[in-house]
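To start, the structure under review is shown below, and the notes come after it.
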Amino acid sequence: MMRKILIIGAGKSTSYLLDYLLGKAEEEKLEITIGDINPSAIPAAVADHKHCSVIALDIFNQTERTNAISNADIVISMLPARFHIKVAEDCVVHKKHLVTASYVSPELLALDKEVKANNLVFMNEIGLDPGVDHMSAMEVIDRIRDKGGKIILFESFCGGLVAPEHDNNLWNYKFTWNPRNVVLAGQGGTAKFIQEGTYKYIPYHRLFRRSEFFEVEGYGRFEGYANRDSLSYREAYGLQNALTIYRGTMRRVGFSKAWNMFIQLGVTDDTYTIENSEKMSYREFINLFLPYSPTDSVELKLRHYLKLDQDDIRWDKLLELNIFDSTKFINIPNATPAQALQKILEDSWTLKAEEKDMIVMYHKFGYELNGEKKQIDSKLVVTGENQTFTAMAKTVGLPVAMAALKILNGKITTPGVQIPISKEVYKPILEELKAYGVNFKEYEVPYLGYNPNSVIS
């Protein structure tokens, strides 16, 4: 008897997801249905697969949505996070398991009692970040605890970057995920974490000037800026007594200092719209945020405003983005500053068809065992194949696909609205991911904390 998997949404992150499930369709007796608002965009190699069918599915059309969900054994939602709740509610009504890569919303969590009552698994946050970060962190944390160790420090960083062989711009960066999320990074609240037992806060206007630095063997130096709330998983991970908890985003060294120019200029703001933005040149857009001068050029005004010396590499980075070009236009009606900036950046930072991306993840675990302080550094690097089969799509899509199949096969059975932090979930998925090149390297290093002078050589 064939088992039916419904995948709702077939965007950039689904290449490996679909490849994995269709590759196992014969052996596992799977029928894959892809529901998308634009079914013609599904590649022919996928749509024509004998175990695949493609349907037009408007998530706001209740009839289309419920018909598709009621006909499935398990549902994978790859929609934007805010739309999951509609799918989840239907999954409860029709008693179907659900898998997403998105953060658990309060609305979704409110369904937990009903989900458990119906013995359903609603697995969320099982992409890359969140997802692989949860699983790889808990694997080490549980191992330390099983030995009798006590966690005193946990830091975790993740970044979607361009592969070294295609790292050919001054920013050392290209879009490998949703560009909008990059432009709006850090907004929406002050970054909060705990460091050596003290709560720390970084407001948005200083976020990109408070960086951590680290090395990844074979790939050089990176920097990390703080995520908005590092403490949201303190209880889930069982780290209530840890002295340091810090989660952040990775970039190449120098990115944050340069990005801070856009914040100081005000062009990352998404709270208001700009008049006549569709007819506005890149040069005119930048000039909106600079003082009036009857004699000074836009270039000179920007130099003065940002206090950029002639030999400051950040100036070259701005020039590289063509922000002073009077022949290129925003072409977006009623654009917010953030939307206009995104348009400018996409000109320079979009991956070409043959270019590869790279995922880097770094965990730091400080712990006490038998009266000694110790540290484990765990690092992951994954490189994509091309613009379609990206490292981002691999590390997001494969865990989602693996979780769905394991739920379908009765290997993951604990019901409820959950994230992948139990051994039942992370152990088999991390093991399977190794075969696809998603493999962490661990290093035992001296425990430094934040006071290297405390270590006696």
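State the extension gain, in nm to one decimal, for the chain segment bounded by TYR305 and GLU114, taking 0.36 nm per residue of separation less the distance between their alpha-carbons.
Full extension from TYR305 to GLU114 adds 63.1 nm.
Dipole of the chain computed with +1 at Lys/Arg Cβ and -1 at Asp/Glu Cβ about the Cα centre; of PHE329, LEU161, ILE42, farthest Cα towards the positive end is LEU161. Counted residue by residue at 0.36 nm each, then reduced by the alpha carbon distance between them, the extension gain from ASN181 to SER326 reaches 49.5 nm. Long hydrophobic helices in the chain, taken as whole DSSP H segments with a C-alpha length of 24 Å or more on their own axis and mean Kyte-Doolittle hydropathy at least 1.0: 391-408. Ranking ILE85, THR295, ASN178 by Cα position along the charge dipole of the chain, where only Lys, Arg, Asp and Glu carry charges on their C-beta atoms, puts ILE85 farthest toward the positive end. According to the Cα-based calculation, Rg over Rh for the stretch 3-124 is 0.95, with Rh computed by the Kirkwood formula.
Once you keep just the Cα pairs under 8 angstrom separated by 6 or more residues, what percentage relative contact order results for the stretch 275-335?
Taking the mean separation of contacting Cα pairs over the length of the stretch 275-335, I get 66 percent.
Overall, the stretch 1-133 carries a charge dipole of about 260 debye about its Cα centre when +1 sits on the Cβ of Lys and Arg and -1 on the Cβ of Asp and Glu, all other atoms neutral. Only the Cβ atoms of Lys and Arg (+1) and of Asp and Glu (-1) were treated as charged; on that basis the dipole of the stretch 275-335 about its Cα centre amounts to roughly 100 debye. Largest first and in whole Å, the equivalent-ellipsoid semi-axes of the stretch 66-152 read 30, 14, 11, each the square root of five times a Cα gyration tensor eigenvalue.
Taking the Kirkwood radius as Rh and the Cα radius of gyration as Rg, the stretch 275-335 has a ratio of Rg/Rh equal to 1.00. The distance separating the Cα centre of the stretch 395-426 from that of the stretch 168-228 comes to 29 Å.
Measuring how big the stretch 229-376 is from its alpha-carbon positions, Rg and Dmax come out at 21.2, 71 Å. With contacts taken as Cα pairs under 8 Å at a separation of at least 6 residues, the stretch 215-332 carries a relative contact order of 26 percent. Annotation for the stretch 64-93 versus the stretch 318-394: alpha-carbon center distance of 30 Å.
Looking at the stretch 1-154 only, what percent of DSSP beta bridges run antiparallel? Nearest 5 please.
5 percent
For every helix of n ≥ 4 consecutive DSSP H residues, a contribution of -39,500 (n - 2.57) applies; sum these over the chain, divide by its total residues, and give [θ] at 222 nm rounded to the nearest 500 deg cm²/dmol. Result for the chain: -9000 deg cm²/dmol, rounded to the nearest 500.
More than 21 angstrom separation, counting every C-alpha pair in the stretch 185-287; what % is that? So the pairs more than 21 Å apart make up 49 percent of the total in the stretch 185-287. Altogether, the Stokes-Einstein calculation at 4 °C and 1.567 mPa s, with the Kirkwood radius of the stretch 318-457 over Cα pairs as Rh, returns a diffusion coefficient of 66 µm²/s.
Please report, to two decimal places, log10 I(q)/I(0) for the chain at q = 0.06, 0.09, 0.10 Å⁻¹ as given by the Debye formula with identical point scatterers on the Cα atoms and no solvent. So the normalised log intensities work out to -0.29, -0.66, -0.81.
Roughly what % antiparallel, to the nearest 5, for the DSSP beta bridges in the chain? Close to 60 percent.
A short reminder: the numbers here are calculations on the coordinates, not readings from a lab. From a predicted model like this one, the values you see are computed outputs, not experimental measurements. Heads up, the Cβs are rebuilt from the backbone with ideal geometry, glycines too, and the neighbour counts pull from every protein chain shown.
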